[in-house]
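*Asks:* For reference, the structure I am asking about is given below.
The values are calculated or read from the model by the stated rules, or taken from the named source; none is laboratory data. Everything numeric here is computed off the predicted structure, so don't read it as measured data. Note: ideal-geometry Cβ built from the backbone for every residue, glycine included; neighbour counts use all protein chains shown. When the accessible area is computed, the model is the full protein with side chains, heavy atoms only, and any ligands, DNA or RNA have been set aside. Shrake-Rupley method; radii C 1.70, N 1.55, O 1.52, S 1.80 Å.
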Amino acid sequence: MQPENLSAFPVGKPNDAFAQYFIGQSYLAPLTTEQIPTFNVTFSPSCRNNWHIHHAKSGGGQLLICVYGTGWYQEWGKPPRKLHPGDVVNIPANVKHWHGAAAGEWFQHIAQEIPGEDCHTEWCEPVSDAEYEVLQ
């Protein structure tokens, strides 16, 4: 069941346009599309997105600001990082990564797509249950 409010930011609508890139239900609330597009992303418990890369020739990348619950962030080949409200994640362009909610926890982060040249997102393989279930 979708909660009405978790943080000061709206939960938004089911993220159906990107559902194929998520395991579990996510929600998307556009906060602004001016200057730096900014969105509140809500992850239902255990929801996570696929591995993905924010490509850019220059500039680009993504900034996450955690606002509710407990989540995870991981870059390819590096250990996962547990996320809590107030944590900030700077994701450089061209770095393969994933992020999402911890098991049993709702999680929200503000996501900003950093402007750059020739920016696009490449969606890769899902985070497997085996990779996810070892997270504590």
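*Asks:* For the chain, what relative contact order do you get, as a whole percent, if you take Cα pairs closer than 8 Å and at least 6 residues apart? Spell out each step's value before the answer.
*Replies:* Values: 348 pairs, mean separation 39.7, N = 136.
Normalised by residue count, the contact order of the chain is 29 percent.
*Asks:* Now, a different point. What accessible area per residue comes out for the stretch 1-118, rounded to a whole number of Å², with a 1.4 Å probe? Spell out each step's value before the answer.
*Replies:* Details: 5780 Å² over 118 residues.
With all protein chains present, the stretch 1-118 gives 49 Å² per residue.
*Asks:* Quick one: the Cα spread of the stretch 34-113 along its three principal axes, in angstroms, biggest first?
*Replies:* 38, 33, 19
*Asks:* Same structure, new question: Report in % the part of the accessible area of the chain that belongs to carbon and sulfur, leaving out ligands and nucleic acids; probe 1.4 Å.
*Replies:* Working: 3800 of 7050 Å².
C and S fraction of accessible area: 54 percent.
*Asks:* Which whole-percent values make up P(r) of the stretch 1-76 when all C-alpha to C-alpha distances are grouped in 10 Å steps starting at zero?
*Replies:* P(r) for the stretch 1-76, in whole percents per bin: 16, 50, 31, 4, 0.
*Asks:* On to the next question. The chain: longest stretch without exposed GluC sites (Glu not before Pro) (DSSP loop, at most 10 other Cβ within 10 Å), sites themselves excluded?
*Replies:* Working: sites that count: 4, 34.
Answer - 35-136.
*Asks:* Could I ask something else about it? Go ahead and estimate [θ] at 222 nm for the chain from helices alone: -39,500 (n - 2.57) per DSSP H run with n ≥ 4, summed, over the residue count, rounded to 500.
*Replies:* On the way: 1 runs with 5 residues, N = 136.
Roughly -500 deg cm²/dmol at 222 nm, from the helical runs in the chain.
*Asks:* Can you bin every Cα-Cα distance in the chain into 10 Å intervals starting at zero and give me the percent of pairs per bin, rounded to whole numbers?
*Replies:* 13, 46, 35, 5, 0
*Asks:* Using only the Cα atoms of the stretch 80-119, what do you get for the radius of gyration and for Dmax, in Å?
*Replies:* Every Cα atom of the stretch 80-119 included, Rg and Dmax give 12.2, 38 Å.
*Asks:* Within the stretch 109-136, name every residue whose backbone N is under 11 Å away from a label modeled 7 Å from Cα of residue 76 along the Cβ vector.
*Replies:* Residues 122-125 qualify, since their backbone N sits under 11 Å from the label point.
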